[in-house]
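S.K.: I'd like to ask you about the structure that follows.
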Amino acid sequence: MEKGEASQVQKFIKSQTHQKIGDFQQENILERQKPIIDQHLNDIFEKVSKLQSLNSYQERLFSSIKSEESKQTNYLNNITTILSQIIYLSIRHDFYEDVDKKIM
């Protein structure tokens, strides 16, 4: 083997060794980070679950509010109808009272 080839082989072996060391270190770092990552994921899943529960609660609350609003609207419509009948009867009574006075 020539000196240039030997140098190339040494460089290749060094680069492969450094790459393997880097891979090993990266795996080791990831292995150590796995519990932390899992905890973060669990926290995220827990928050998503809470948000879904809140969303469900909000939908039920909105539905309840709409139902109550509908009841109130019906109540107001009934009151309006009753008041308009009272006004009508009052006007009618006044009219007939005036007619009775004119007749007598």
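The values are calculated or read from the model by the stated rules, or taken from the named source; none is laboratory data. Keep in mind that what you see is a predicted model, and the values were worked out from it rather than measured. As a convention, Cβ positions derive from the backbone with ideal geometry for all residues, glycine included, and neighbour counts pool all protein chains shown.
S.K.: Here is a list: Ile65, Ile36, Ile86. Which entry is assigned to a helix (DSSP H, G or I), exposed (fewer than 10 other Cβ atoms within 10 Å of the Cβ) and either among the β-branched types (Val, Ile, Thr) or touching a strand residue (DSSP E or B) at 6+ places or on another chain (Cβ under 9 Å) (or both)?
M.R.: Result: Ile36 is the single residue among Ile65, Ile36, Ile86 that is assigned to a helix (DSSP H, G or I), exposed (fewer than 10 other Cβ atoms within 10 Å of the Cβ) and either among the β-branched types (Val, Ile, Thr) or touching a strand residue (DSSP E or B) at 6+ places or on another chain (Cβ under 9 Å) (or both).
S.K.: Continuing with this model, one more query. For the structure I just gave you, tell me whether Glu31 is part of a helix (DSSP H, G or I), at pLDDT below 75 and loosely packed, with under 10 Cβ neighbours inside 10 Å.
M.R.: Numbers: part of a helix (DSSP H, G or I): yes; at pLDDT below 75: no; loosely packed, with under 10 Cβ neighbours inside 10 Å: yes.
So Glu31 does not fit the description; no.
S.K.: Related question: Would you say Ser49 is at pLDDT below 90, surrounded by 10 or more Cβ atoms within 10 Å (Cβ to Cβ) and not basic (Lys, Arg)?
M.R.: The answer is no for Ser49.
S.K.: Okay, next question. Restricting the first residue to the stretch 1-25 and requiring it to be assigned to a helix (DSSP H, G or I), which pairs with a second residue that is exposed (fewer than 10 other Cβ atoms within 10 Å of the Cβ) and modelled with pLDDT under 75 meet a Cβ separation below 8 Å and a spacing of at least six or different chains?
M.R.: Val9/Met1
S.K.: Do you know which residues across the stretch 8-42 are over 46 Å from the mean Cα position of the chain (by Cα) and either of a type in the set (Lys, Arg) or at positive phi (or both)?
M.R.: Answer for the stretch 8-42, where residues must be over 46 Å from the mean Cα position of the chain (by Cα) and either of a type in the set (Lys, Arg) or at positive phi (or both): Lys11, Lys14, Lys20.
S.K.: Does Tyr75 satisfy the criteria of being at pLDDT 85 or above, of a type in the set (Ser, Thr, Tyr) and at negative phi?
M.R.: Yes.
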